[in-house]
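Single-structure report; data block below.
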Amino acid sequence: MMYAPVGFSEAEYPRVEYQRRQQFWDPIRLALFTLTIVAIIGIAIGIVTHFVVEDDKAFCYLASFKVTNIKYKENYGMKSSREFTERSHQIERMMSRIFRRSSGGGRFIKSHVIKLSPYEEGVNIFMVLMFRYPSSDSVERIRKIVERTLYQSLKINQFPLTISKPSFRLTPIDSRKMRNLLNSRCGIRMTLSNMPLPASSSTERIVQGRETAMDGEWPWQASLQLIGAGHQCGASLISNTWLLTAAHCFRKNKDPSQWIATFGTTITPPAIKRSVGKIIVHENYYRDTNDNDIALAQLTNRVEFSNVVQRVCLPDSSMKLPPKTSVFVTGFGSIVDDGPTQNKLRQARVETIGTDVCNRTDVYDGLITPGMLCAGFMEGKVDACKGDSGGPLVYDNRDIWYIVGIVSWGQSCALPKRPGVYTRVTKYRDWIASKTGI
Ligand SMILES: *[C@@H]1O[C@H](CO)[C@@H](O)[C@H](O)[C@H]1NC(C)=O
């Protein structure tokens, strides 16, 4: 059965888990379990304190420096290329090694590479660095500390990249400037106060059993609505004007003038509303097999990126997720089979399931094509449902989010051995590029 273009099952998985395990509880297991819970609560409190301490403020800097032992590659100019992504992650990892190890280690929040540009024999790096210091501190004092930490670390440690020390420049920037710089990169989430929103915040909240989304948590999520009939499908923003969604959303109506898209964590009121100017359904979409269930919708007017509207990254076609990778599905869909659309955006953590398993006779019995990706739990528990169709399945790689799936179909919602089936985005990376240039 296809998810009709209009949640997640109410089946609360933590409860189910515990019931299933009860019979195995002896005193030792119980003690271990209690310890684990205490540890989790401790970590949760730690994380909350870390990000909520009021006295502290984020200090942002634009860092530029030259790396002399690598050569510039053409693809560094394209931020969605694998070359740019891999090089940036390497540089970001290096920064976190430098600043997390130092005495003021807890002060480092994160770093993001903004641009790689050619210079003589090497590469020029531009990146933002974020630190947390008491709000009374001065940008100049912190700048000196940061520089000293970096220089010391470069002296003591061996890094795969050689940073030319004299080329290192650190310029203080305010949070608005930082947001503008980060807008050049996809898949980054920020809170309304311009603080980075760590991936852990979503996971922690699922553990606590609250599943409605916070503002800015899934800023690429859009609602596709038929004028007069309301929410039909989810979609994901991949540029200022393009939405990625499922082909089956347009089975009944593919006249763009009948559709609008909204953004924000509620359908009413929306944060932003746009009309749709163009709809492109995959040429080889087959409704009988659900194969190639992918489509694009172009907005008539561009949206400006902000903390509540942001684009998600498209994965390189070579990106592979092993089975049991943690991913998130979001949507306004019903939370019970045949239930109503939800006004508030919801999220669920699910795990990828290998095609070998998903295509088994006792699961989807040969219905899985190479363009599909299964995710959920073989036990049932959590799933996408009606109305989530077209919405994103996203994967977090070092606080940068990639869309790996599009909610496509499933048999009922959250049934055992009937996980959700998604369009495998990597398989259509070239198709997306051919239609949008992204
Ligand atoms: C799933 O099984 C069917 C039938 O055996 C097969 O035709 C199809 O190629 C398989 N899917 C994948 C992705 O291997």
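Below is a table of values for the structure above.
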read-out: Residue tally, condition surrounded by fewer than 17 Cβ atoms within 10 Å (Cβ to Cβ) and not in a helix (DSSP H, G or I), over the range 80-98; value: 1
read-out: Test: residue in the range 280-291 that is in contact with a Ser or Thr (Cβ under 7 Å, 6 or more places away or on another chain), part of a loop (DSSP other than H, G, I, E, B) and at positive phi; value: yes
read-out: Residue check for residue 337: away from the ligand (no atom under 16 Å from the Cβ) and either assigned to a loop (DSSP other than H, G, I, E, B) or among the aliphatic types (A, V, I, L, M) (or both); value: yes
read-out: Residues (buried (at least 17 other Cβ atoms within 10 Å of the Cβ) and in contact with a Pro (Cβ under 9 Å, 6 or more places away or on another chain)) located in the range 333-356; value: 334, 350, 351, 352, 353, 355
read-out: Number of the condition not met by residue 151 [criteria: (1) in a helix (DSSP H, G or I); (2) under 29 Å from residue 219 (Cβ atoms); (3) among the hydroxyl-bearing types (Ser, Thr, Tyr)]; value: (2)
read-out: Candidates 412, 389, 408, filtered to the one that is closer than 22 Å to residue 334 by Cβ, surrounded by fewer than 24 Cβ atoms within 10 Å (Cβ to Cβ) and either away from the ligand (no atom under 16 Å from the Cβ) or modelled with pLDDT of 90 or more (or both); value: 412
read-out: Test set (1) touching a Gly at 6+ places or on another chain (Cβ under 8 Å); (2) within 16 Å of the ligand (Cβ to nearest atom) - residue 400 fails condition number; value: (2)
read-out: Residue 377 vs. criteria surrounded by 14 or more Cβ atoms within 10 Å (Cβ to Cβ), of a type in the set (Phe, Trp, Tyr) and either more than 30 Å from residue 253 (Cα to Cα) or in contact with a Phe, Trp or Tyr (Cβ under 7 Å, 6 or more places away or on another chain) (or both); value: yes
read-out: Number of positions in the range 342-376 that are of a type in the set (Phe, Trp, Tyr) and either on the phi > 0 side of the Ramachandran plot or away from the ligand (no atom under 15 Å from the Cβ) (or both); value: 0
read-out: Flag for residue 316 being in contact with a Leu (Cβ under 9 Å, 6 or more places away or on another chain), modelled with pLDDT under 95 and within 21 Å of residue 425 (Cα to Cα); value: no
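The values are calculated or read from the model by the stated rules, or taken from the named source; none is laboratory data. None of these values were measured; they are calculated from a predicted model. Counting neighbours? That spans all protein chains shown, and the Cβs are built from the backbone with ideal geometry, glycine included.
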